[in-house]
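> Take a look at this one; I'll ask things after.
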Amino acid sequence: MDFSLFHRRVRSILEAELPSGASIVKEGRSISGSVEIGRTAFMDKMGVSSELEYKRKCIENAQIMYHAHIGMNTWEDTLEALRLLYQKAEESGFVVDRAGICLDRRMALPENQRDRIPAETGPELNADSQWHQLGQAVPIQPHMGDFMIGFPASVENTVHALQAGVTTIGNLSQLFAHEAPMWTDKASTVVETVKAISIMAAMKNKGTLVHSYLEDGFPALFQDCTTVAGWAFLEKYLVEELLDAKLAHCIGGLTSDPIKRVGWIFALHEIHEHDCVGSMIYGDTISFGADLDKNRGLVAEYLLWDIMAQLECPIGTALLPLPVSEALRIPSADEIAEAQSFGRRIEDAARRLHPHIDFNPAHDLSAQLCSAGKSVFDNAIEGLKEAGVDIRDPVQMLYVLKMLGAADFEALFGVGKLREDSLGGRQPVLPTDVFEMSQRVIRDYGHLFDNPRSRQLLKGRRFMLASTDVHAYAIMILHELLSRAGAEITNLGAEITPDQIARAAESCDPEAVLISTHNGMALEYARRLKAELAGHDLDVPVALGGILNQKVEHAALPVDVTADLKELGFHPSPKLGGGFHKLLERNAGSKREEPETGYGGKLDPAGE
Ligand code: B12
């Protein structure tokens with residue numbers, strides 16, 4: 001990576017009008033003076049005054065803590081689901097310690113601006129009474145880790161949550177890779193994030209924990225686990241050294257390999273200098289498929305290792321038995337309760353197995369992660385300092401890192417060998433499981449695109465790619481596959497809004513637009529896109545893939561909108577085969593002679 005180019009980039013990034021970190025920290029700390037942390041029904045039941053106090057007890061007693069992720073379409077439906085979960089747990093004699101409230105992404109914006117963007121999965125909290133219910137509805141400790149810290153509404157949401165008795169609030173990682181649609185002022189998002197973390201820091205002695213789910217941010221896009229470890233060191237430096245708050249790391253959603261899952265627990269314990277208190281560990285979300293029975297087996301496997309890791313190295317982190325519908329849509333209340341009950345059965349097996357397990361491979365992995373990760377951290381601090389960043393100023397540091405992006409961070413500061421091929425970047429020393437998954441998908445579909453017929457059809461065809469939200473892997477894979485067929489790609493990346501697509505289409509004149517969407521807003525987004533394209537007088541075929549559902553008021557779960565998208569004149573292609581093929585055929589038919597073999601049949605090897 002050309003460091004002089006990097007230095008020039010940093011200089012242009014720092015041209016932004018940024019207030020001093022010290023002034024923002026001071027402001028955050030003064031706000032904390034008027035905030036009183038509430039008490040939740042869970043605190044009363046467990047006789048604690050913060051979740052941290054409870055976690056330390058769990059560490060002492062080798063007690064496994066359990067987490068459920070919950071977020072129905074409305075707050076009322078979510079409350080209902082919490083009550084059902086608590087009732088089922090009571091009936092079956094187990095405790096659900098905490099619940100992660102999966103809010104609608106609209107919550108990222110200040111309250112008076114939330115209806116500017118499409119509704120997505122999860123509830124909104126817009127009334128004080130609703131925030132109050134958060135801690136009082138059932139004795140399950142609320143965890144707020146989505147669209148809180150890291151967004152324009154960081155301060156107002158953090159204050160609401162603390163007053164409701166929520167003491168573990170996140171999600172620093174989301175600052176870097178997630179965006180609040182239609183909100184372009186990234187500098188103010190960073191300022192609000194530093195202010196909110198400063199409020200948490202000022203109340204550290206009352207047990208506040210700043211949650212950061214590593215794979216929700218840049219680490220989801222790093223190809224190398226050693227860069228992920230370096231990033232964990234960096235987040236600890238930012239939150240604990242520069243802002244004096246207590247950081248609780250989370251990982252696991254994009255990690256399938258059991259040795260890596262256990263190794264990360266050991267590594268986080270080292271990175272946090274043996275005073276590691278984890279918020280939660282995500283289940284292995286990327287290995288889920290459409291076969292629900294197989295998914296049950298998967299939950300049993302990762303949970304077994306997660307429990308044994310906590311018995312071997314207790315960090316008070318909560319474990320998440322994922323519902324079997326993970327790959328299909330947000331789960332129902334019954335599916336969440338069923339998974340929790342299933343999880344308890346696995347704990348018995350894990351406690352019997354634990355004394356017989358050889359943890360050395362995981363310790364070796366942890367040692368490699370920590371030593372290479374420390375090098376990545378040192379490279380980053382040194383590199384940023386040399387580029388003119390004030391490495392003691394949290395506002396400058398967070399802003400420059402966000403603007404730099406994951407790919408350049410890894411290319412600049414990673415420890416893997418620099419690649420000479422067109423891919424660029426670095427050869428991963430320890431490839432992440434999600435990166436390997438994406439390479440596997442490319443291998444599985446490669447022959448469909450990388451063959452004479454496809455090249456004849458696709459060479460020089462102009463396609464535009466975009467993801468409506470943070471989910472970036474499908475468009476990365478499409479980019480690679482279409483490039484192999486010789487197509488010309490304009491890849492707008494992730495978190496792209498309808499108006500951005502229309503403007504780009506006007507200047508790039510693509511022959512088709514391929515959109516990936518996952519957040520339960522497919523129809524509302526498509527309607528806005530249709531209006532934007534018409535507004536730019538554009539008539540370009542659009543294919544939408546991913547999870548084609550829409551959050552609706554009258555149902556607790558998002559509904560499939562494939563037919564509605566067709567009615568709008570769009571091409572729903574939830575999978576890599578299907579709609580994409582029809583789009584190609586129509587295009588090929590209109591512009592080129594239809595050869596004998598090939599596309600008449602199915603595109604997709606999985607027989608989609
Ligand atoms: C990885 C992941 C994440 C990562 C994304 C990392 C990244 N930077 O890409 C992280 C952790 C950041 C994340 C965040 C969120 N996620 Co998510 N995520 C997933 C997960 C586990 C895998 C998705 C994935 O990448 N698969 C691998 C790729 C290759 O496959 P794919 O995306 O399915 O695409 C394939 C096909 O669908 C198709 N395809 C896809 N797009 C297109 C487009 C075209 C044109 C074509 C032809 C084909 C096509 O081809 C691909 C290859 O086969 C899914 C669950 C699952 N197992 O599927 C949940 C899931 C999609 N996420 C979900 C949600 C709700 C979220 C959040 C809103 C949660 C929250 N409250 O914070 C946030 C999003 C916030 C935001 N800012 O947008 C839900 C969606 C629920 C719904 N719609 O009903 C899911 C289903 C999980 C769940 N069950 O709740 N997520």
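The values are calculated or read from the model by the stated rules, or taken from the named source; none is laboratory data. Note that the structure is predicted; figures quoted are calculated from it, not measured. Heads up, the Cβs are rebuilt from the backbone with ideal geometry, glycines too, and the neighbour counts pull from every protein chain shown. Ligands, DNA and RNA are excluded from the accessible area calculation, which covers all protein heavy atoms including side chains. Shrake-Rupley method; radii C 1.70, N 1.55, O 1.52, S 1.80 Å.
> Scan segment 193-221 and report the pairs whose first residue is over 14 Å from K236 (Cα atoms) and whose second residue is outside any helix (DSSP H, G or I) and of a type in the set (D, E, K, R), with Cβ atoms within less than 6 Å and a gap of 6+ or a chain change.
K204/K246
> If only one of T468, T562 is within 14 Å of the ligand (Cβ to nearest atom), within 22 Å of F222 (Cα to Cα), among the polar types (S, T, N, Q) and in contact with a strand residue (DSSP E or B) (Cβ under 8 Å, 6 or more places away or on another chain), which one is it?
Details: T562 fails: within 22 Å of F222 (Cα to Cα).
Result: T468 is the single residue among T468, T562 that is within 14 Å of the ligand (Cβ to nearest atom), within 22 Å of F222 (Cα to Cα), among the polar types (S, T, N, Q) and in contact with a strand residue (DSSP E or B) (Cβ under 8 Å, 6 or more places away or on another chain).
> While we're looking at this one, here's another question. I need every pair where a residue in segment 460-488 that is on the phi > 0 side of the Ramachandran plot has its Cβ under 6 Å from the Cβ of a residue that is of a type in the set (F, W, Y) and within 11 Å of the ligand (Cβ to nearest atom), sequence separation at least 6 or different chains.
Final answer for the pair search is none.
> While we're looking at this one, here's another question. Go through segment 76-102 and count every residue that is assigned to a helix (DSSP H, G or I) and under 22 Å from the mean Cα position of the chain (by Cα).
Final tally of qualifying residues: 1.
> Are there any pairs with C-beta distances below 6 angstrom linking a residue in segment 503-514 that is under 14 Å from F570 (Cβ atoms) to a residue that is among the aromatic types (F, W, Y) and not in a loop (DSSP other than H, G, I, E, B), with the two at least 6 apart or on different chains, and if so which?
Here the result reads A512/F463; L514/F463, each pair linking segment 503-514 to a residue that is among the aromatic types (F, W, Y) and not in a loop (DSSP other than H, G, I, E, B).
> Look at segment 145-163 and say how many of its residues are in a loop (DSSP other than H, G, I, E, B) and open to solvent by 10 Å² or more (accessible area, probe 1.4 Å).
Matching residues across segment 145-163 total 3.
> Identify all residues within segment 493-513 that are open to solvent by 10 Å² or more (accessible area, probe 1.4 Å) and either within 13 Å of the ligand (Cβ to nearest atom) or at positive phi (or both); write none if there are none.
Within segment 493-513, G493, A494, E495, I496, T497, D509, P510 qualify.
> Now, a different point. Of the residues D433, D421, which is surrounded by fewer than 13 Cβ atoms within 10 Å (Cβ to Cβ) and out of contact with any Pro (no Cβ under 8 Å at 6 or more places or on another chain)?
D421
> Inspect all residues belonging to segment 231-246 and state whether any of them is within 16 Å of the ligand (Cβ to nearest atom) and either part of a strand (DSSP E or B) or not small (G, A, S) (or both).
Yes, some residue in segment 231-246 is within 16 Å of the ligand (Cβ to nearest atom) and either part of a strand (DSSP E or B) or not small (G, A, S) (or both).
> Out of all the residues in segment 320-335, is one or more hydrophobic (A, V, I, L, M, F, W, C) and either more than 15 Å from the ligand (Cβ to nearest atom) or under 22 Å from P361 (Cβ atoms) (or both)?
Among the residues of segment 320-335, not one is hydrophobic (A, V, I, L, M, F, W, C) and either more than 15 Å from the ligand (Cβ to nearest atom) or under 22 Å from P361 (Cβ atoms) (or both), which makes the answer no.
> Let me ask something additional. Quick check on my filter: what residues within segment 388-434 are within 30 Å of G28 (Cα to Cα), within 23 Å of the chain's Cα centre (by Cα) and outside any helix (DSSP H, G or I)?
Within segment 388-434, the subset within 30 Å of G28 (Cα to Cα) is 388-406, 409.
Keeping just the survivors that are within 23 Å of the chain's Cα centre (by Cα) gives 394-395, 397-406, 409.
Listed by number, the list holds a single entry, G405.
> For segment 172-188, name all the residues that are part of a helix (DSSP H, G or I), open to solvent by 10 Å² or more (accessible area, probe 1.4 Å) and more than 19 Å from N519 (Cβ to Cβ).
K186, A187, S188
> Which residue out of A367, A349 is in the same structural domain as F233 (by TED's automatic domain parsing) and surrounded by fewer than 17 Cβ atoms within 10 Å (Cβ to Cβ)?
A349
> Let me ask another. Does segment 189-228 hold any residues that are assigned to a helix (DSSP H, G or I) and under 15 Å from the mean Cα position of the chain (by Cα), and which are they?
Matches in segment 189-228: L214, E215, D216, F218, P219, A220, V228.
> Given the conditions (1) in contact with a strand residue (DSSP E or B) (Cβ under 7 Å, 6 or more places away or on another chain); (2) assigned to a loop (DSSP other than H, G, I, E, B); (3) open to solvent by less than 30 Å² (accessible area, probe 1.4 Å), and given that Q340 satisfies all but one, which numbered condition is not satisfied?
For Q340, the failing item is (2).
> Report every pair of residues separated by at least 6 positions or lying on different chains whose Cβ atoms are under 9 Å apart, first residue within segment 334-354 and among the hydroxyl-bearing types (S, T, Y), second surrounded by 14 or more Cβ atoms within 10 Å (Cβ to Cβ).
Listed pairs, sorted by first residue: S341/K88; S341/A89; S341/F94; S341/P321.
> Please find, among G460, G446, the residue that is over 22 Å from F222 (Cβ atoms), outside the structural domain of E215 (by TED's automatic domain parsing) and in a loop (DSSP other than H, G, I, E, B).
G460
> Would you confirm whether or not segment 547-554 contains a residue that is part of a helix (DSSP H, G or I), open to solvent by less than 20 Å² (accessible area, probe 1.4 Å) and under 22 Å from G122 (Cα atoms)?
no
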